[in-house]
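The values are calculated or read from the model by the stated rules, or taken from the named source; none is laboratory data. What you see is a predicted model; the values in this text were computed from it and never measured. A quick note on method: Cβ atoms are made from the backbone with ideal geometry, for glycine too, and the neighbour counts reach across all protein chains shown. Surface areas here come from the heavy atoms of the whole protein model, side chains and all, with no ligands, DNA or RNA. Shrake-Rupley method; radii C 1.70, N 1.55, O 1.52, S 1.80 Å.
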Amino acid sequence: MKFKLEAKDQHSQARAGEITTDHGNIKTPIFMPVGTAGTVKAVHQRELRDDIKAQIILGNTYHLYLRPGLETLEKAGGLHKFNGWERPILTDSGGYQVYSLSDVRKIKEEGVTFRSHIDGSKHLFTPEAAMDIQRVIGGDIIMAFDECTPYPCDYNYAKRSIEMTHRWLKRCCDRFDSTEPKYGYSQTLFPIVQGSVYKDLRVRSAEAIASFEREGNAIGGLSVGEPAEEMYAMTELVCNILPQEKPRYLMGVGTPVNILENIALGVDMFDCVMPTRNARNGMLFTKNGIINMRNEKWKNDFSPIEADSDLFADQVYTKAYLRHLISSKEILGAQIATLHNLHFYIWLVGEAREKIISGEFYDWKKKMVVQLAQRL
(Lines give C-alpha, C1' and ligand atoms only; values in the text may rest on other atoms or scores of the structure.)
Protein backbone atom coordinates (compact mmCIF):
# COMPACT_ATOMS: atom_id res chain seq x y z
CA MET A 1 0.00 0.00 0.00
CA LYS A 2 1.18 3.52 -0.78
CA PHE A 3 -0.16 6.90 0.36
CA LYS A 4 0.43 10.18 -1.44
CA LEU A 5 -0.50 13.54 0.11
CA GLU A 6 -1.89 15.80 -2.60
CA ALA A 7 -3.09 18.95 -0.81
CA LYS A 8 -3.39 20.53 2.64
CA ASP A 9 -5.85 23.15 3.86
CA GLN A 10 -4.20 26.41 4.96
CA HIS A 11 -6.62 27.09 7.82
CA SER A 12 -6.97 23.61 9.35
CA GLN A 13 -5.24 20.23 9.37
CA ALA A 14 -7.46 18.86 6.56
CA ARG A 15 -5.64 16.90 3.85
CA ALA A 16 -6.42 15.34 0.48
CA GLY A 17 -4.50 12.29 -0.63
CA GLU A 18 -4.58 8.98 -2.45
CA ILE A 19 -4.10 5.44 -1.15
CA THR A 20 -2.91 2.85 -3.68
CA THR A 21 -3.77 -0.83 -3.14
CA ASP A 22 -3.65 -3.89 -5.39
CA HIS A 23 -7.45 -3.66 -5.76
CA GLY A 24 -7.45 -0.01 -6.81
CA ASN A 25 -6.89 3.53 -5.59
CA ILE A 26 -8.79 5.37 -2.85
CA LYS A 27 -9.04 9.16 -2.90
CA THR A 28 -9.06 10.64 0.61
CA PRO A 29 -10.78 11.84 2.70
CA ILE A 30 -12.92 8.73 2.27
CA PHE A 31 -15.97 7.17 3.90
CA MET A 32 -16.11 3.37 3.88
CA PRO A 33 -19.54 1.67 3.93
CA VAL A 34 -19.74 -1.09 6.53
CA GLY A 35 -20.37 -4.58 5.16
CA THR A 36 -20.56 -6.47 8.45
CA ALA A 37 -21.34 -10.00 7.23
CA GLY A 38 -19.91 -9.69 3.71
CA THR A 39 -22.69 -7.38 2.56
CA VAL A 40 -23.49 -3.70 2.90
CA LYS A 41 -27.07 -4.25 4.04
CA ALA A 42 -29.79 -3.74 1.38
CA VAL A 43 -27.35 -2.78 -1.41
CA HIS A 44 -26.11 -4.63 -4.53
CA GLN A 45 -22.39 -4.46 -5.37
CA ARG A 46 -23.28 -2.77 -8.68
CA GLU A 47 -25.15 -0.05 -6.77
CA LEU A 48 -22.22 0.34 -4.37
CA ARG A 49 -19.84 0.75 -7.28
CA ASP A 50 -21.87 2.75 -9.82
CA ASP A 51 -24.51 4.68 -7.83
CA ILE A 52 -23.01 5.17 -4.37
CA LYS A 53 -19.48 5.29 -5.87
CA ALA A 54 -17.88 3.51 -2.90
CA GLN A 55 -14.12 3.13 -3.33
CA ILE A 56 -13.60 0.72 -0.41
CA ILE A 57 -15.89 -1.23 1.93
CA LEU A 58 -15.47 -2.96 5.30
CA GLY A 59 -15.71 -6.61 6.30
CA ASN A 60 -16.17 -7.70 9.90
CA THR A 61 -13.74 -10.35 11.19
CA TYR A 62 -15.87 -11.57 14.09
CA HIS A 63 -19.03 -12.04 12.00
CA LEU A 64 -17.29 -13.54 8.95
CA TYR A 65 -15.31 -15.94 11.17
CA LEU A 66 -18.59 -17.26 12.61
CA ARG A 67 -20.56 -17.14 9.32
CA PRO A 68 -19.88 -18.28 6.60
CA GLY A 69 -16.64 -19.41 8.32
CA LEU A 70 -13.01 -19.50 7.23
CA GLU A 71 -13.26 -22.77 5.27
CA THR A 72 -15.89 -21.35 2.93
CA LEU A 73 -14.07 -18.03 2.52
CA GLU A 74 -10.78 -19.76 1.71
CA LYS A 75 -12.43 -22.10 -0.81
CA ALA A 76 -14.04 -19.05 -2.47
CA GLY A 77 -10.64 -17.35 -2.79
CA GLY A 78 -11.27 -14.70 -0.11
CA LEU A 79 -14.01 -12.16 0.54
CA HIS A 80 -13.53 -10.29 -2.77
CA LYS A 81 -14.36 -13.45 -4.74
CA PHE A 82 -17.05 -14.55 -2.27
CA ASN A 83 -19.09 -11.33 -2.42
CA GLY A 84 -18.17 -10.11 -5.92
CA TRP A 85 -16.55 -6.83 -4.81
CA GLU A 86 -13.50 -5.99 -6.94
CA ARG A 87 -12.33 -2.84 -5.14
CA PRO A 88 -10.40 -2.57 -1.84
CA ILE A 89 -11.71 -4.06 1.41
CA LEU A 90 -10.69 -3.19 4.98
CA THR A 91 -11.30 -5.77 7.71
CA ASP A 92 -11.54 -4.94 11.39
CA SER A 93 -9.89 -7.31 13.86
CA GLY A 94 -12.90 -8.32 15.94
CA GLY A 95 -11.74 -6.18 18.88
CA TYR A 96 -14.79 -3.91 18.77
CA GLN A 97 -17.24 -6.84 18.67
CA VAL A 98 -15.44 -8.32 21.64
CA TYR A 99 -15.93 -4.96 23.43
CA SER A 100 -19.66 -5.01 22.61
CA LEU A 101 -20.03 -8.61 23.88
CA SER A 102 -18.99 -7.56 27.39
CA ASP A 103 -21.31 -10.05 29.12
CA VAL A 104 -20.10 -13.10 27.16
CA ARG A 105 -16.33 -12.59 26.97
CA LYS A 106 -13.19 -12.77 29.13
CA ILE A 107 -10.06 -10.74 28.38
CA LYS A 108 -6.66 -12.17 29.35
CA GLU A 109 -3.08 -11.58 28.22
CA GLU A 110 -3.33 -14.52 25.83
CA GLY A 111 -6.38 -13.04 24.09
CA VAL A 112 -10.16 -12.94 24.41
CA THR A 113 -12.47 -15.88 25.03
CA PHE A 114 -16.03 -15.24 23.92
CA ARG A 115 -19.26 -17.06 23.21
CA SER A 116 -20.86 -16.84 19.78
CA HIS A 117 -24.02 -14.73 19.64
CA ILE A 118 -25.36 -17.33 17.15
CA ASP A 119 -25.11 -20.63 19.03
CA GLY A 120 -23.26 -19.92 22.29
CA SER A 121 -20.15 -21.85 21.19
CA LYS A 122 -16.86 -20.83 22.81
CA HIS A 123 -14.00 -19.25 20.83
CA LEU A 124 -10.59 -17.71 21.51
CA PHE A 125 -9.27 -14.69 19.59
CA THR A 126 -5.57 -14.01 20.09
CA PRO A 127 -3.52 -11.37 18.25
CA GLU A 128 -2.03 -14.18 16.16
CA ALA A 129 -5.45 -15.66 15.35
CA ALA A 130 -6.77 -12.20 14.36
CA MET A 131 -3.92 -11.94 11.81
CA ASP A 132 -4.47 -15.47 10.48
CA ILE A 133 -8.25 -14.96 10.17
CA GLN A 134 -7.80 -11.66 8.31
CA ARG A 135 -5.26 -13.31 5.99
CA VAL A 136 -7.99 -15.83 5.09
CA ILE A 137 -10.70 -13.17 4.70
CA GLY A 138 -8.28 -11.33 2.41
CA GLY A 139 -8.74 -7.65 3.29
CA ASP A 140 -6.39 -5.19 1.56
CA ILE A 141 -6.06 -3.33 4.88
CA ILE A 142 -6.30 -5.37 8.07
CA MET A 143 -6.49 -4.12 11.63
CA ALA A 144 -4.42 -4.98 14.70
CA PHE A 145 -6.19 -6.81 17.54
CA ASP A 146 -6.81 -4.35 20.38
CA GLU A 147 -9.07 -3.77 23.34
CA CYS A 148 -11.63 -1.02 22.83
CA THR A 149 -12.30 0.47 26.26
CA PRO A 150 -15.84 1.58 27.19
CA TYR A 151 -16.89 5.11 28.12
CA PRO A 152 -16.74 6.12 30.89
CA CYS A 153 -13.61 4.18 31.78
CA ASP A 154 -11.49 4.20 34.93
CA TYR A 155 -8.02 5.71 34.34
CA ASN A 156 -6.13 2.71 35.72
CA TYR A 157 -8.18 0.32 33.61
CA ALA A 158 -7.52 2.43 30.49
CA LYS A 159 -3.79 2.49 31.32
CA ARG A 160 -3.58 -1.30 31.75
CA SER A 161 -5.63 -1.71 28.57
CA ILE A 162 -3.33 0.36 26.32
CA GLU A 163 -0.29 -1.43 27.69
CA MET A 164 -1.87 -4.76 26.76
CA THR A 165 -3.00 -3.39 23.37
CA HIS A 166 0.62 -2.39 22.66
CA ARG A 167 1.89 -5.86 23.68
CA TRP A 168 -0.80 -7.40 21.48
CA LEU A 169 0.30 -5.13 18.61
CA LYS A 170 3.86 -6.50 18.84
CA ARG A 171 2.42 -10.00 18.55
CA CYS A 172 0.21 -8.92 15.61
CA CYS A 173 3.19 -7.44 13.77
CA ASP A 174 5.36 -10.52 14.42
CA ARG A 175 2.65 -12.84 13.09
CA PHE A 176 1.77 -10.59 10.13
CA ASP A 177 5.43 -10.18 9.13
CA SER A 178 6.11 -13.93 9.32
CA THR A 179 3.14 -14.93 7.13
CA GLU A 180 2.20 -14.33 3.51
CA PRO A 181 -1.06 -13.17 1.91
CA LYS A 182 -3.08 -16.07 0.52
CA TYR A 183 -4.54 -14.80 -2.74
CA GLY A 184 -1.70 -13.19 -4.69
CA TYR A 185 -2.20 -9.55 -3.65
CA SER A 186 -0.60 -7.59 -0.82
CA GLN A 187 -2.14 -6.78 2.55
CA THR A 188 -1.34 -3.92 4.94
CA LEU A 189 -1.59 -3.87 8.75
CA PHE A 190 -2.83 -0.77 10.62
CA PRO A 191 -2.21 -0.46 14.40
CA ILE A 192 -4.85 1.25 16.59
CA VAL A 193 -4.36 4.08 19.10
CA GLN A 194 -6.37 3.67 22.32
CA GLY A 195 -6.37 5.48 25.69
CA SER A 196 -10.02 6.44 26.32
CA VAL A 197 -10.37 10.21 26.90
CA TYR A 198 -7.16 10.58 28.95
CA LYS A 199 -4.70 12.90 27.21
CA ASP A 200 -1.53 11.38 28.64
CA LEU A 201 -2.64 7.85 27.66
CA ARG A 202 -3.61 8.95 24.14
CA VAL A 203 -0.21 10.64 23.70
CA ARG A 204 1.58 7.55 25.01
CA SER A 205 -0.44 5.25 22.77
CA ALA A 206 -0.02 7.43 19.65
CA GLU A 207 3.75 7.55 20.19
CA ALA A 208 3.91 3.78 20.70
CA ILE A 209 1.77 3.09 17.62
CA ALA A 210 3.84 5.49 15.45
CA SER A 211 7.04 3.73 16.56
CA PHE A 212 5.91 0.51 14.85
CA GLU A 213 6.22 2.36 11.51
CA ARG A 214 3.39 0.56 9.72
CA GLU A 215 1.96 1.97 6.45
CA GLY A 216 -1.11 3.54 8.10
CA ASN A 217 -2.54 4.14 11.56
CA ALA A 218 -5.98 4.05 13.17
CA ILE A 219 -7.60 5.82 16.11
CA GLY A 220 -10.00 3.62 18.07
CA GLY A 221 -12.08 3.81 21.23
CA LEU A 222 -13.88 7.03 20.30
CA SER A 223 -17.54 7.29 19.29
CA VAL A 224 -18.37 4.93 22.19
CA GLY A 225 -20.56 7.40 24.08
CA GLU A 226 -18.19 10.25 24.95
CA PRO A 227 -19.25 13.86 24.18
CA ALA A 228 -18.26 15.06 20.69
CA GLU A 229 -15.91 17.67 22.21
CA GLU A 230 -13.93 14.89 23.93
CA MET A 231 -13.72 12.99 20.62
CA TYR A 232 -12.40 16.07 18.81
CA ALA A 233 -9.88 16.83 21.55
CA MET A 234 -8.48 13.27 21.48
CA THR A 235 -8.42 13.17 17.67
CA GLU A 236 -6.55 16.48 17.46
CA LEU A 237 -4.01 15.32 20.03
CA VAL A 238 -3.38 12.03 18.24
CA CYS A 239 -3.25 13.51 14.71
CA ASN A 240 -0.52 15.89 15.89
CA ILE A 241 1.60 12.85 16.82
CA LEU A 242 0.85 10.29 14.08
CA PRO A 243 3.12 10.75 11.03
CA GLN A 244 1.91 13.18 8.35
CA GLU A 245 2.93 10.96 5.46
CA LYS A 246 0.66 8.05 6.44
CA PRO A 247 -3.14 7.73 6.30
CA ARG A 248 -5.11 8.15 9.54
CA TYR A 249 -8.30 6.18 10.06
CA LEU A 250 -10.82 7.21 12.75
CA MET A 251 -12.82 4.08 13.49
CA GLY A 252 -16.61 4.05 13.82
CA VAL A 253 -17.24 7.80 13.27
CA GLY A 254 -19.89 9.10 12.79
CA THR A 255 -22.47 11.78 11.91
CA PRO A 256 -21.87 14.01 8.86
CA VAL A 257 -20.89 16.85 11.25
CA ASN A 258 -18.46 14.54 13.12
CA ILE A 259 -16.86 13.58 9.83
CA LEU A 260 -16.31 17.18 8.65
CA GLU A 261 -14.93 18.25 12.04
CA ASN A 262 -12.51 15.31 12.11
CA ILE A 263 -11.39 15.91 8.51
CA ALA A 264 -10.45 19.41 9.72
CA LEU A 265 -8.33 17.77 12.44
CA GLY A 266 -6.35 15.66 9.95
CA VAL A 267 -8.28 12.38 9.59
CA ASP A 268 -8.32 10.66 6.17
CA MET A 269 -10.57 7.59 6.57
CA PHE A 270 -13.93 6.95 8.23
CA ASP A 271 -16.47 4.17 8.64
CA CYS A 272 -19.76 3.99 10.51
CA VAL A 273 -22.98 1.95 10.51
CA MET A 274 -24.99 5.15 11.01
CA PRO A 275 -25.95 5.85 7.35
CA THR A 276 -27.16 2.27 6.83
CA ARG A 277 -28.70 1.60 10.25
CA ASN A 278 -30.46 4.97 10.44
CA ALA A 279 -31.71 4.53 6.86
CA ARG A 280 -33.51 1.34 7.87
CA ASN A 281 -35.20 3.34 10.63
CA GLY A 282 -36.32 6.07 8.24
CA MET A 283 -33.68 8.73 8.96
CA LEU A 284 -32.14 10.50 5.96
CA PHE A 285 -29.05 12.70 5.98
CA THR A 286 -29.20 15.47 3.37
CA LYS A 287 -27.24 18.59 2.35
CA ASN A 288 -29.81 20.73 4.19
CA GLY A 289 -30.18 18.66 7.34
CA ILE A 290 -31.75 15.54 8.81
CA ILE A 291 -35.14 14.16 7.73
CA ASN A 292 -37.23 11.72 9.76
CA MET A 293 -39.24 10.08 6.98
CA ARG A 294 -41.82 8.79 9.46
CA ASN A 295 -43.03 12.32 10.22
CA GLU A 296 -46.54 13.21 9.03
CA LYS A 297 -45.22 16.34 7.27
CA TRP A 298 -43.80 14.22 4.41
CA LYS A 299 -47.06 12.32 3.78
CA ASN A 300 -48.11 14.49 0.81
CA ASP A 301 -44.71 15.89 -0.18
CA PHE A 302 -44.32 14.82 -3.81
CA SER A 303 -40.97 16.52 -4.33
CA PRO A 304 -37.92 14.30 -5.10
CA ILE A 305 -35.99 12.93 -2.12
CA GLU A 306 -33.08 15.23 -3.06
CA ALA A 307 -33.63 17.06 -6.34
CA ASP A 308 -30.03 18.18 -7.02
CA SER A 309 -28.50 14.76 -6.28
CA ASP A 310 -27.14 12.66 -9.14
CA LEU A 311 -28.44 9.44 -7.53
CA PHE A 312 -31.30 7.96 -9.57
CA ALA A 313 -33.25 6.99 -6.41
CA ASP A 314 -33.13 10.61 -5.17
CA GLN A 315 -34.61 11.91 -8.42
CA VAL A 316 -37.13 9.16 -9.25
CA TYR A 317 -38.76 8.64 -5.83
CA THR A 318 -40.65 11.26 -3.83
CA LYS A 319 -40.56 11.89 -0.10
CA ALA A 320 -44.23 10.88 0.11
CA TYR A 321 -43.54 7.55 -1.59
CA LEU A 322 -40.50 6.81 0.58
CA ARG A 323 -42.49 7.68 3.70
CA HIS A 324 -45.21 5.26 2.58
CA LEU A 325 -42.68 2.46 2.02
CA ILE A 326 -41.00 2.98 5.38
CA SER A 327 -44.34 3.27 7.25
CA SER A 328 -45.48 0.06 5.52
CA LYS A 329 -42.19 -1.69 6.40
CA GLU A 330 -41.61 -2.44 2.71
CA ILE A 331 -38.08 -3.71 1.95
CA LEU A 332 -37.74 -1.19 -0.89
CA GLY A 333 -38.00 1.65 1.66
CA ALA A 334 -34.87 0.41 3.44
CA GLN A 335 -33.10 -0.02 0.09
CA ILE A 336 -33.88 3.50 -1.16
CA ALA A 337 -32.99 5.14 2.17
CA THR A 338 -29.73 3.18 2.38
CA LEU A 339 -28.77 4.13 -1.18
CA HIS A 340 -29.50 7.76 -0.39
CA ASN A 341 -27.55 7.92 2.90
CA LEU A 342 -24.45 6.13 1.60
CA HIS A 343 -24.43 8.22 -1.59
CA PHE A 344 -24.74 11.36 0.56
CA TYR A 345 -21.87 10.38 2.89
CA ILE A 346 -19.57 9.66 -0.04
CA TRP A 347 -20.66 12.86 -1.79
CA LEU A 348 -19.84 14.76 1.41
CA VAL A 349 -16.26 13.47 1.77
CA GLY A 350 -15.74 13.92 -1.99
CA GLU A 351 -16.90 17.53 -1.72
CA ALA A 352 -14.59 18.05 1.28
CA ARG A 353 -11.71 16.72 -0.81
CA GLU A 354 -12.48 19.16 -3.65
CA LYS A 355 -12.69 22.07 -1.22
CA ILE A 356 -9.33 21.12 0.36
CA ILE A 357 -7.71 21.05 -3.10
CA SER A 358 -9.31 24.38 -4.14
CA GLY A 359 -8.44 26.07 -0.81
CA GLU A 360 -12.09 26.68 0.19
CA PHE A 361 -12.47 23.94 2.81
CA TYR A 362 -12.42 25.99 6.01
CA ASP A 363 -15.22 28.43 5.10
CA TRP A 364 -17.26 25.68 3.41
CA LYS A 365 -17.00 23.43 6.48
CA LYS A 366 -18.15 26.23 8.83
CA LYS A 367 -21.27 26.72 6.72
CA MET A 368 -21.96 22.99 6.22
CA VAL A 369 -21.80 21.92 9.88
CA VAL A 370 -24.65 24.33 10.65
CA GLN A 371 -26.74 23.08 7.71
CA LEU A 372 -26.11 19.40 8.31
CA ALA A 373 -27.17 19.53 11.97
CA GLN A 374 -30.63 21.00 11.23
CA ARG A 375 -33.74 18.85 11.70
CA LEU A 376 -36.01 19.37 8.74
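Quick one: in segment 115-136, which of the residues that are in contact with a helix residue (DSSP H, G or I) (Cβ under 6 Å, 6 or more places away or on another chain) and within 23 Å of Ala158 (Cα to Cα) is most open to solvent (accessible area, probe 1.4 Å)?
Looking at residues that are in contact with a helix residue (DSSP H, G or I) (Cβ under 6 Å, 6 or more places away or on another chain) and within 23 Å of Ala158 (Cα to Cα), I get Glu128.
Has segment 343-359 got any residue that is on the phi > 0 side of the Ramachandran plot and open to solvent by less than 60 Å² (accessible area, probe 1.4 Å)? First the steps, then the outcome.
Applying the first criterion (on the phi > 0 side of the Ramachandran plot) to segment 343-359 yields 359.
Next cut, open to solvent by less than 60 Å² (accessible area, probe 1.4 Å) only: 359.
Yes.
For segment 76-110, give me the residue count where each residue is of a type outside the set (A, V, I, L, M) and either farther than 22 Å from Gly139 by Cα or surrounded by fewer than 16 Cβ atoms within 10 Å (Cβ to Cβ) (or both). Steps first, answer last, please.
At the first step, the residues of segment 76-110 found to be of a type outside the set (A, V, I, L, M) are 77-78, 80-88, 91-97, 99-100, 102-103, 105-106, 108-110.
Now narrow it down to the ones that are either farther than 22 Å from Gly139 by Cα or surrounded by fewer than 16 Cβ atoms within 10 Å (Cβ to Cβ) (or both): 77, 81, 84, 86, 100, 102-103, 105-106, 108-110.
Result for segment 76-110: 12.
If the requirement is being crowded, with 23+ Cβ neighbours inside 10 Å, over 20 Å from the mean Cα position of the chain (by Cα) and closer than 23 Å to Glu128 by Cβ, which of these qualifies: Ser205, Ser186, Ser178?
Ser205
Given the conditions (1) assigned to a helix (DSSP H, G or I); (2) under 12 Å from the mean Cα position of the chain (by Cα), which single one is not true for Tyr249?
Answer for Tyr249: the failing condition is (1).
Being touching a Phe, Trp or Tyr at 6+ places or on another chain (Cβ under 9 Å), open to solvent by 10 Å² or more (accessible area, probe 1.4 Å) and not in a loop (DSSP other than H, G, I, E, B) is the requirement here; does His63 meet it?
no
Pairs needed: first member in segment 206-226, in contact (Cβ under 8 Å) with a residue 60 or more places away in the chain and assigned to a loop (DSSP other than H, G, I, E, B); second member anywhere, of a type in the set (Phe, Trp, Tyr) and buried (at least 21 other Cβ atoms within 10 Å of the Cβ); C-beta distance under 6 Å; at least 6 residues apart or different chains.
What qualifies is Gly216/Phe190.
Return the pairs, sorted by first residue and then second, in which the second residue is part of a helix (DSSP H, G or I) and open to solvent by 30 Å² or more (accessible area, probe 1.4 Å), the first residue lies in segment 333-354 and is over 21 Å from Lys367 (Cα atoms) and among the aliphatic types (A, V, I, L, M), the beta carbons are less than 6 Å apart, and the residues are 6+ apart or on different chains.
Listed by first residue and then by second, the contacts come to Ala334/Arg280.
Would you mind finding the one in Ile30, Ile52, Ile26, Ile89 that is in contact with a Gly (Cβ under 8 Å, 6 or more places away or on another chain), closer than 27 Å to Leu311 by Cα and in contact (Cβ under 8 Å) with a residue 24 or more places away in the chain? Step through it out loud before you land on a result.
Details: Ile30 fails: in contact with a Gly (Cβ under 8 Å, 6 or more places away or on another chain); Ile52 fails: in contact with a Gly (Cβ under 8 Å, 6 or more places away or on another chain); Ile26 fails: in contact with a Gly (Cβ under 8 Å, 6 or more places away or on another chain).
Ile89 is the lone residue from the list that is in contact with a Gly (Cβ under 8 Å, 6 or more places away or on another chain), closer than 27 Å to Leu311 by Cα and in contact (Cβ under 8 Å) with a residue 24 or more places away in the chain.
Kindly establish whether Ala228 is among the small types (Gly, Ala, Ser) and within 15 Å of Ile263 (Cα to Cα).
Values: among the small types (Gly, Ala, Ser): yes; within 15 Å of Ile263 (Cα to Cα): yes.
When the stated conditions are applied, Ala228 passes them.
From the list Arg171, Arg175, Arg160, Arg167, pick out the single residue that is more than 26 Å from Ile259 (Cα to Cα), out of contact with any helix residue (DSSP H, G or I) (no Cβ under 8 Å at 6 or more places or on another chain) and in contact (Cβ under 8 Å) with a residue 40 or more places away in the chain.
Step by step, each of Arg171, Arg175, Arg160, Arg167 is checked, and only Arg167 is more than 26 Å from Ile259 (Cα to Cα), out of contact with any helix residue (DSSP H, G or I) (no Cβ under 8 Å at 6 or more places or on another chain) and in contact (Cβ under 8 Å) with a residue 40 or more places away in the chain.
Name every residue in segment 257-272 that is among the hydrophobic types (A, V, I, L, M, F, W, C), open to solvent by 10 Å² or more (accessible area, probe 1.4 Å) and in a helix (DSSP H, G or I), in order of residue number. Lay out the reasoning, then the answer.
Kept after step one, since they are among the hydrophobic types (A, V, I, L, M, F, W, C), are these residues of segment 257-272: 257, 259-260, 263-265, 267, 269-270, 272.
Those left that are additionally open to solvent by 10 Å² or more (accessible area, probe 1.4 Å): 257, 264-265, 272.
If the condition is that a residue be among the hydrophobic types (A, V, I, L, M, F, W, C), open to solvent by 10 Å² or more (accessible area, probe 1.4 Å) and in a helix (DSSP H, G or I), then Val257, Ala264 are the ones that fit.
Taking segment 342-372 on its own, how many of its residues are in contact with a strand residue (DSSP E or B) (Cβ under 9 Å, 6 or more places away or on another chain) and acidic (Asp, Glu)?
Residues in segment 342-372 being in contact with a strand residue (DSSP E or B) (Cβ under 9 Å, 6 or more places away or on another chain) and acidic (Asp, Glu): 1 in total.
I need the full set of residues from segment 296-322 which are surrounded by fewer than 19 Cβ atoms within 10 Å (Cβ to Cβ), touching a residue at least 24 places away in the same chain (Cβ under 8 Å) and not basic (Lys, Arg), in order please.
The answer is Ser309, Phe312.
For every residue, the table says whether it meets (1) farther than 23 Å from Met32 by Cα; (2) in a loop (DSSP other than H, G, I, E, B); (3) open to solvent by 10 Å² or more (accessible area, probe 1.4 Å).
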| position | (1), (2), (3) |
| --- | --- |
| Phe145 | no, yes, no |
| Asn156 | yes, no, yes |
| Arg160 | yes, no, yes |
| Asp174 | yes, no, yes |
| Lys182 | yes, yes, yes |
| Leu237 | yes, no, yes |
| Leu242 | no, yes, no |
| Val253 | no, yes, no |
